[in-house]
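The values are calculated or read from the model by the stated rules, or taken from the named source; none is laboratory data. Fair warning: this is a prediction, and the values are worked out from it, not measured in the lab. Here the Cβ is made from the backbone with ideal geometry for all residues, glycine too, and neighbour counts use every protein chain on show. The area values use the complete protein model at the heavy-atom level, side chains included, leaving out ligands, DNA and RNA. Shrake-Rupley method; radii C 1.70, N 1.55, O 1.52, S 1.80 Å.
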Amino acid sequence: MNSHPRASRGAVLASGALALWLAAAPASSCAQATLFAEGLTNPSGIYVDDGGYVWVGSLGTGANDAGVYVVTSEGVMHPFITGLPSTLIMGLPSGANHVYFNNDVQLFIVQGEGNAVQSESILLVDTTGFTPGDTPLGPADIDAVLNIGDFVHGELGLIGTSNPFAMTFVPNSSQAYVADAKANAIVASDDAGLSILAQFPNIVPTGLDYHDGTIYVGTLSGFPFSEGAASILAVDTAGNVSTYLDDLTTVVDLQVIPGGGGVVFLEHRFTPNAGILYKYENEELTEMATGLDRPVGLRIGHRGEVYVSLLAKGEIVVVEGVVTDTERELPERSMPMRVEAYPNPFSDGVNLTVDVQEAGQASLTIVDALGRTVHREEYSRLEAGTHRLRWAAGAAGRISPGSYLYRVEVGGSVVNGIVVKQ
C-alpha cells in the first residue's frame, strides 16, 4: 500500500476527546453559491475549457434526450449535441454522465448505462467550428465510440449493465482512466488497449482526477449510503490503492487543486439542500459551500471559482474564491493558421496543407479516440507560406480504421481536426 497524506475524522472521534474532535472538525468558510445558469435537464459532469466556456453533460429524462450544453461566461446556455441515449434506471435517468476535453477541440462524453449502441461508452465528438448558438449536433455527428461496457463484461464477467461515470487523462501521454460505477473498477486505456487498473469490493467509484502519478477517486459506500462510510482513494498507476481522505459521505466528484497540494470535492447527499462543497488542502478540511441541492459535478474555473451542477434544479451555481493560491489566467488565443486534410476519409495516408502566417518550430501529432498518440513528427522550422505535411498511416500497419485527431503546431499557432481512416 502506498502512503499518502490523509485526514480521518473517524479516527479522531475514536479517541473520545471532545477537544480534539472540535479541533479536527471541518472548518467553515462558506461562501454564497450564486446562480450561473438554469434551464438544464438533469445536469451532471462539468468541464471548463481554455476559453472559459462551461460544458455540462445532461442525463436527459429517460427518453433518449441526453446531451451536452455549453454555457458562455455570461451564463447563457446553448445545446451542443442532443438526442443522446437517456434511459430510466430504477426510475432515475442515465445519460451523458461527464464531459472532458483532452485538447482544444476533441470532446469526450462519458455515456452511462443503457441498451443503446452509444450507451456504456466513451463518445468522441469534434467541436471544430462550433459557436454557441449554432444548430446543435446529433448522434450522427459522433466521430468514435469506445464501448467500455463490452470490455468490462468480457474481462470481469459482469452481470447486468456497466456504468462509465467519469474519466481523467495523464497529460502529454497516451494514458487515460475511466471509473465504472457498476463494475466498481477503474479501467485503464493506453497504447496496448484497455485493462482493469483496480477494483473496489462494495465501493462505488465516482469522480476521479489524475495528478503527479496518482489517480484520486471519489467513492460511494452503496445503499443506505451511511454517514462517514465514503472516502477519497489514491490509486497509483500500478493499481496500488490507499486512502487519501476518509469519513466522508457520498462523494460524487472531485478535482485536484491546480499545482497539487489538495482537492475540492462534492458530497451529494440524497436529502434536498444537504449537499456540501469541500476543500481539503494542507491537511485541513474546509466547508466552502453548504445547502447545495443534490450536486453532481464540479470544475474549477480560471479565477479559482468552482462551478457546481445541481441535478434536480437543472442549474449550475458558482462559488467564488475557493482556490486562492493559484489563479489561472485565460490563455492567449493562438495565431491564425489554416489546415486542410485530403483525402478525408483516406486509406493509405492523408495530406495536410498548412497555411502559415508566421514562421516557427512545427510538429504534427495524431491521436486516436482515447487520446493515445499514434504518430508524432517534429519539423525544425516552417517558413511563412503554404506547406504540405503527410501522415503515411498505411505504412504503420497497425493503424485500424476509425477516427483520428490531428494536431498541427507552428510556433504559437495550434489547429486540430478529425480525419477518418477507412
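For the reader, a short list of remarks on this structure follows.
- Summing charges over neighbours of residue 377, with a neighbour being any other residue whose Cβ is under 14 Å away from its Cβ, gives +3 when K and R count +1 and D and E count -1.
- Debye equation applied to the C-alpha atoms of region 215-299, log10 I(q)/I(0) at 0.19, 0.22 Å⁻¹: -0.81, -1.07
- Accessible surface of residue 100, taken over heavy atoms with a 1.4 Å probe and every protein chain present, rounds to 10 Å².
- Accessible area, probe 1.4 Å, largest first, for residues 372, 398, 381: 398, 381, 372
- Helix-only [θ]222 nm of the chain, DSSP H runs n ≥ 4, -39500 (n - 2.57) each, per residue, nearest 500: -1500 deg cm²/dmol
- Choice from 231, 403, 380 with maximal GNM fluctuation in the chain (Cα, 10 Å cutoff): 380
- Two-site label geometry, residue 387 and residue 141: point separation in nm, points 7 Å out along Cα→Cβ: 3.2
- Computed over the chain: relative contact order in percent, which uses C-alpha pairs under 8 Å that are six or more apart: 13
- A crude spin-label estimate for the pair residue 190 and residue 88, with each label 7 Å from Cα along the Cβ direction, gives 4.4 nm.
- Local net charge near residue 69, Cβ-Cβ under 15 Å (Lys/Arg +1, Asp/Glu -1): -4
- Computed from the Cβ-Cβ distance with R0 of 45 Å, the FRET efficiency linking residue 50 to residue 227 stands at 0.70.
- The accessible surface of region 144-298, taken with every protein chain in place and a 1.4 Å probe, is 47 percent carbon and sulfur.
- Residue-wise HN-Hα couplings along region 375-391, as the Karplus relation 6.51 cos²θ - 1.76 cosθ + 1.60 with θ = phi - 60° gives them from phi, are 7, 8, 9, 9, 10, 4, 5, 10, 7, 4, x, 10, 9, 10, 9, 9, 10 Hz; Gly and Pro carry x.
- Summary value for region 237-387: 12 percent relative contact order, contacts being C-alpha pairs under 8 angstrom separated by 6+ residues.
- Sorting 348, 209 by solvent-accessible area of protein heavy atoms yields 348, 209, largest first, with a 1.4 Å probe.
- Spatial extent of the chain: Rg and Dmax, with the Cα atoms as the point set, Å: 21.8, 74
- Dividing the convex hull volume of the alpha carbon atoms of region 98-184 by its residue count gives 104 Å³ per residue.
- Solvent-accessible surface ranking, highest first, for 340, 283 at 1.4 angstrom: 283, 340
- Nearest-10 value in Å² for the accessible area of residue 377, using the 1.4 Å probe: 70
- In this calculation the C-beta distance from residue 35 to residue 159 is compared with R0 = 60 Å, giving a FRET efficiency of 0.90.
- With a Förster radius of 25 Å applied to the beta-carbon distance between residue 420 and residue 357, the computed FRET efficiency rounds to 0.35.
- Probe 1.4 Å - accessible area at residue 279, Å² to nearest ten: 30
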